[in-house]
Amino acid sequence: MIIGIDASRAFVKEKTGTENYSYNLLKALSRIDRSNHYFLYIKPNQAINFSLPENFRVQKILLPRLWTQLGLAFECFLRPPDILFIPAHTMPFFHRLNLKIIVTIHGLEYQYLPQYYQFPQKFYLNKSTEYAVHHANHLIAVSNWTKKELVKKLAADPEKISVVHEGVSSQITNHKSQITNLEPYVLFVGTVQPRKNLVRLIEAFATLTRCNLVIAGKLGWMYEEILLTPQKFGVEKRVKFLGYVSDEKLASLYQNALFFVLPSLCEGFGLPVLEAMRFGCPVIASRTSALPEIVGDAGLLVDPYQVGEIAEAMKLMIENSELREALREKGFQRIRQFSWKKAARETIKIFQRVDES
């Protein structure tokens with residue numbers, strides 16, 4: 001079987017959720033699958049940064065603009081694989097009728113917060129997701145919650161959706177000594193945008209004393225109010241916006257934090273939760289969308305719309321070292337259920353099933 005994969009997201013410089021999914025899944029596939037043949041489609045300025053076995057080949061598509069809808073589409077017309085795998089939402093609108101396409105859907109956040117998407121992103125993301133739901137041969141949802149939303153909101157056929165959770169590495173490198181000037185601190189990791197609920201988080205944090213709030217993640221959209229919120233609540237000296245940070249620094253931030261908090265209004269999966277658990281960082285997360293499914297009993301869950309509830313959970317976590325230790329141990333147990341190797345194996349089974357259908 002020949003599997004073509006849109007690898008363009010996997011090798012961007014500043015990876016966020018969908019890019020990390022693409023990168024880690026491709027890496028896991030390259031380590032465990034020697035039976036199938038893979039073509040990894042990348043952009044002109046990209047390069048693979050890990051070794052590949054002989055059954056993996058790289059195909060650069062030399063088109064700087066409209067890469068998916070022209071470049072990838074033309075390549076798959078010219079030399080069609082048996083299966084085209086799109087790790088994140090957007091498949092070519094025009095393709096061979098007999099080309100079997102599998103698309104991973106990471107969430108339907110735009111259904112809940114459509115005002116946050118402006119043209120052309122609004123049209124491109126919304127319509128491309130809806131197109132994939134109804135025209136791909138099979139869909140991979142990263143959580144059971146996302147699958148339910150696809151069925152409920154977009155009338156997707158549940159029979160053609162498989163749930164494959166994202167993974168997390170179990171390897172831990174000690175970074176305890178690298179962060180000294182921020183401690184003690186509470187950590188948030190994610191793109192700075194309204195959906196992450198940072199205004200309410202900062203308001204809740206303002207009720208606490210004797211610690212900082214560290215926000216690690218690049219600026220997304222409609223972030224202006226978020227950047228002004230610390231001043232509004234008088235905590236501008238205790239809220240640190242770090243921007244995008246390297247993987248090594250991020251690991252250090254997790255390991256040195258008092259705890260991690262993800263109060264998002266909507267998450268299709270919530271990979272930073274598992275990253276925090278991996279590094280022994282206790283977790284507070286929203287009890288909405290996919291987060292309860294991922295957190296299980298290994299973290300505190302809060303109503304993201306209730307500032308008082310977020311504040312109380314943070315205060316409890318700060319004051320109760322025994323609770324932090326208990327959640328740290330539960331986190332180590334929880335991440336055993338999630339691995340990129342497991343995700344890769346389940347994805348290969350889907351490739352095989354779709355190829356035989």
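Each value in this text was obtained by applying a stated rule to the coordinates, not by laboratory testing. The structure presented is a predicted model; accordingly, all values stated were derived computationally and were not measured. Positions of Cβ are backbone-derived with ideal geometry, glycine not excepted, and every protein chain shown enters the neighbour counts.
Taking the empirical scaling 2.2 N^0.38 Å for compact globular proteins as reference, the stretch 10-60 has a Cα radius of gyration ratio of 1.11. Label sites at LYS315 and GLU329, each approximated as a point 7 angstrom past Cα along Cα to Cβ, lie 2.8 nm apart. Against the chain, whose longest principal axis comes from its Cα atoms, helix 121-135 is set at around 50 degrees.
As a proxy for reagent exposure, ranking TRP221, TRP340 by other Cβ atoms within 10 Å from fewest up yields TRP221, TRP340. If you run the Gaussian network model on the chain, springs between alpha carbon atoms under 10 Å, then out of GLU275, GLU159, GLU346 the most flexible one is GLU159. Shown in residue order for the stretch 269-284 are the 3J(HN,Hα) couplings computed by the Karplus curve 6.51 cos²θ - 1.76 cosθ + 1.60 at θ = phi - 60°: 8, x, 4, x, 4, 5, 4, 4, 4, 4, 9, x, 9, x, 10, 10 Hz (x for Gly and Pro). The amide H of THR104, built 1.01 Å from its N in the peptide plane, has ILE86, ALA88, HIS89, ILE140 as neighbours under 5 Å, considering only residues 5 or more places off or on other chains. Taking a straight Cα-Cα cut-off under 20 Å and skipping sequence neighbours fewer than 8 places away in the same chain, the lysines within cross-link reach of LYS232 are LYS196, LYS240. Kirkwood hydrodynamic radius of the chain, from the reciprocal of the average inverse Cα-Cα distance over all distinct pairs: 21.2 Å.
Expressed as a fraction of 2.2 N^0.38 Å, the C-alpha radius of gyration for the stretch 235-357 is 1.22.
Taking Lys and Arg as +1 and Asp and Glu as -1, the other residues whose beta-carbon sits under 12 Å from that of ASN45 total +3. The length gained by stretching the chain between GLN59 and ILE2 to full extension, at 0.36 nm per residue less their Cα-Cα distance, is 19.2 nm.
Taking 0.36 nm per residue of separation and subtracting the current Cα-Cα distance, fully stretching the chain between LYS127 and LYS341 would add 73.9 nm.
Using just its DSSP H runs of length 4 or more, each adding -39500 (n - 2.57), the chain gives a mean residue ellipticity at 222 nm of -11500 deg cm²/dmol after division by all residues.
Listed from fewest to most Cβ neighbours within 10 Å, the set SER286, SER51 follows the order SER51, SER286. Given the options LEU26, LEU78, LEU97, which has the most mean-square fluctuation in a GNM of the chain, springs set between C-alpha atoms less than 10 angstrom apart? With Cα springs under 10 Å in the chain, the top fluctuation among LEU26, LEU78, LEU97 is at LEU97. Taking 0.36 nm per residue of sequence separation and removing the Cα-Cα distance, the ARG287/LEU227 pair yields an extension gain of 19.1 nm. Axis angle, to the nearest 10 degrees, between helix 144-154 and the longest C-alpha principal axis of the chain: 70 degrees. Legend: ranking of residues MET317, MET277 from fewest to most surrounding C-beta atoms inside 10 Å; resulting order MET317, MET277. A viscosity of 1.306 mPa s and a temperature of 10 °C, combined with the Kirkwood radius over C-alpha pairs in the Stokes-Einstein formula, give the stretch 139-277 a diffusion coefficient of 96 µm²/s.
The stretch 77-103 and the stretch 245-309 have their alpha-carbon centroids 34 Å apart. Evaluate the relative contact order of the chain (contact order divided by residue number), counting alpha-carbon pairs under 8 angstrom at least 6 apart; express in whole percent. About 16 percent, as a whole number. Any idea what the relative contact order of the stretch 185-337 is, in percent, if you count C-alpha pairs under 8 Å spaced at least 6 apart? Taking the mean separation of contacting Cα pairs over the length of the stretch 185-337, I get 24 percent. For a quick check, take a GNM of the chain with Cα springs below 10 Å and name the residue from THR16, THR209, THR146 with the largest mean-square fluctuation. For the chain, modelled as a Gaussian network with Cα springs under 10 Å, the answer is THR209.
Annotation: amide H-H contacts under 5 Å for SER339 (H modelled 1.01 Å from N, sequence separation of 5 or more, or interchain): VAL168.
All other residues whose Cβ lies under 14 angstrom from that of CYS211 are scored, Lys and Arg at +1 and Asp and Glu at -1, for a net of +4.
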